[in-house]
1. How do His54, His108, His78 line up, fewest other C-beta atoms within 10 Å first?
2. For the chain, what relative contact order do you get, as a whole percent, if you take Cα pairs closer than 8 Å and at least 6 residues apart?
3. Cut-off is 10 Å between beta-carbons; in what order do Arg49, Arg2 appear when sorted fewest neighbours first?
4. Could you tell me the convex hull volume per residue, in Å³, taken over the Cα atoms of the range 139-201?
5. For the chain, go through all pairs of different Cα atoms, get the mean of 1/r, take its inverse, and jot down that Kirkwood value in Å.
6. So how strong a dipole does the chain carry about its Cα centre when Lys and Arg Cβ are +1 and Asp and Glu Cβ are -1, to the nearest 20 debye?
7. Tally Lys/Arg at +1 and Asp/Glu at -1 over every other residue whose Cβ is under 14 Å from the Cβ of Val139; what's the total?
8. Using a Debye calculation, one point per C-alpha and no hydration shell, please list log10 I(q)/I(0) for the range 1-117 at q = 0.10, 0.15, 0.21, 0.22 Å⁻¹ in order.
Amino acid sequence: MRSRIAILASGGGSNLQSILEHLERLGDVRCGDVALVASDRMNAGALDRAARRHVPTVVLATDKAPDRTPLADALETHAIDLVVLAGYLRLVPPDVIRKYAGRVINIHPALLPAFGGPGMYGQRVHRAVIESGARVSGVTAHFVDEVYDRGRIIAQWPVPVFPSDDAGTLAARVLRVEHLVYPRVVDAVAGGRMTLSNSATAGSEMLVDTRPSFTLLPHEDSRLAENIELALGC
Ligand code: GAR
């Protein structure tokens, strides 16, 4: 049975779009369907993209119920199995983290654990990378826990930083890679090919990855899509 996926987005929703298109391309072998798009912003472009494809949408009210959040209600109403953050700028509330342990994932536009944490989103991340003098940035897909950008890493891919870059040019290069990596990770998690499990050490979690092991191939622009497919094995 396919997983029912909720995408949470605060912005334009280009990652949402790439996930929808990838799942559509996979057709019958896809492991999930986007069953809900939720946003904390009523004017988020992601909501329009979802509506154009007849995906149900919800705008999350910011006023909080005492022990249950609007997000938890929306996820329950739509019988969601997997929560996918795609440019979502709020912390996922603890009731959702508890209920969906190991079933909430995020994409971050840098190589965590560097350049993550509160306030590190969008162009701020890319500005910080450039100011640091780093020569390599990248994307990180990870499980989400109750702390910003801290959960177990699922997949990463490097992206070069050029001396001529500003935050805009770097963001565009990174975003292109997000669009290739994240949809594949979403399908792999939806299909149980990558899961989070408690390791033998109490309290620590580890990634269980049932895909064939891979060698990370360098960023090579002309073969980027092909290399990512090879490396992620999906
Ligand atoms: C993406 O670059 C995503 O990685 C980033 O926001 C952008 C959303 O773009 N997320 C973060 O910075 C989270 N810390 P999109 O709305 O076009 O998908």
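Every read-out reported here was derived from the displayed coordinates using simple, explicitly stated rules and does not represent laboratory data. Predicted model only: the values in this text are computed from it and were never measured. Neighbour counts run over all protein chains shown; Cβ positions are idealised from the backbone, glycine included.
1. So the residues, fewest neighbours to most, are His54, His78, His108.
2. After rounding, I find 18 percent.
3. Starting with the residue having the fewest Cβ neighbours, the order is Arg2, Arg49.
4. 115
5. In the chain this quantity evaluates to 18.1 Å.
6. I would put it at about 80 debye.
7. Summing Lys/Arg as +1 and Asp/Glu as -1 gives +1.
8. -0.29, -0.65, -1.26, -1.36
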